[in-house]
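Working notes for the structure below.
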Amino acid sequence: MINFLSMSRGLWRLAAILGILISLGGCSQGEDSPSGFGNILNVAAAEQLGFAVTANPVRPAPVNFTDGEGRSQSLKMFRGKVVLLNLWATWCSPCREEMPTLDALQAGLGGTEFEVVALSIDHGGLAAVQSFYEETVIEHLRLYNDKSAQANVTLGAPGVPVTLLLNRDGYEVARLTGPKNWYSSEMVEFLRTFINPAQAGTQDAKRDLQ
């Protein structure tokens with residue numbers, strides 16, 4: 001004879017155990033899990049533009065650098081916005097050529113949702129970067145410098161320029177090695193879609209690159 005009371009008690013115990021396991025699974029998503037800002041990467045478009053898409057996004061190892069005021073900075077400080085992290089140097093000809101397009105990109109898309117972080121690895125420090133910015137009329141990019149050039153080693157960049165695309169959680173989702181026209185219509189639309197899919201294509205960039 002089947003004891004329905006015993007079965008009922010057994011089912012309740014099983015349900016309770018399953019509930020605990022599910023709740024533990026939900027809580028296991030810690031700070032290092034790529035969660036919740038909803039950036040959607042168009043892989044086909046990224047690859048067409050020359051990006052190598054990261055199969056399993058991870059946060060880059062910590063890198064330290066200084067801003068134009070000499071204050072210590074880290075990538076963690078930019079979480080909450082999409083970041084285009086460009087590693088460059090004033091002695092690098094391709095870097096110098098693409099820098100005006102990065103400046104135009106920051107002018108067109110930069111703000112609370114997105115920032116171009118142009119991180120110089122010049123041993124000459126902020127003075128070298130400032131001189132180049134003035135000479136080239138770079139008006140919208142902030143000054144960032146890693147005088148030790150350790151950032152390249154830490155981020156696995158074989159040289160410069162190398163550019164990493166980070167989502168709002170600070171995870172690297174793609175990178176591009178070599179110079180690029182960062183203010184082409186294709187690049188702007190790709191980045192705009194990644195930054196805010198709901199508003200993609202609704203606004204023109206603020207300025208055209210001369």
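The values are calculated or read from the model by the stated rules, or taken from the named source; none is laboratory data. All figures in this text were calculated on a predicted structure; none of them were measured in a lab. As a convention, Cβ positions derive from the backbone with ideal geometry for all residues, glycine included, and neighbour counts pool all protein chains shown. These area figures cover heavy atoms from the full protein model, side chains too; ligands, DNA and RNA do not enter into them. Shrake-Rupley method; radii C 1.70, N 1.55, O 1.52, S 1.80 Å.
Of the accessible area of region 96-183, computed with a 1.4 Å probe over protein heavy atoms only, carbon and sulfur atoms account for 49 percent. Between residue 112 and residue 135, full extension at 0.36 nm per residue minus the direct alpha carbon distance yields a gain of 5.5 nm. Extension gain, residue 66 to residue 185, is 39.7 nm, computed as 0.36 nm per intervening residue step minus the present C-alpha separation. Probing with 1.4 Å while keeping every protein chain in the model, the per residue accessible area of region 112-159 equals 46 Å². Backbone N atoms of region 123-137 closer than 14 Å to the 7 Å Cα→Cβ label point of residue 147 belong to residues 123-130. Electrostatic bookkeeping for residue 179 treats Lys and Arg as +1 and Asp and Glu as -1; over the other residues with beta carbon under 11 Å from its beta carbon, the sum is 0. With each pseudo-label sitting 7 Å past Cα toward Cβ, what's the residue 74-residue 91 distance in nm, one decimal? For the pair residue 74/residue 91, the computed spacing is 2.9 nm. One chain, two ends: residue 177 and residue 53. Fully extended at 0.36 nm per residue, the span grows by 43.5 nm beyond their Cα-Cα distance.
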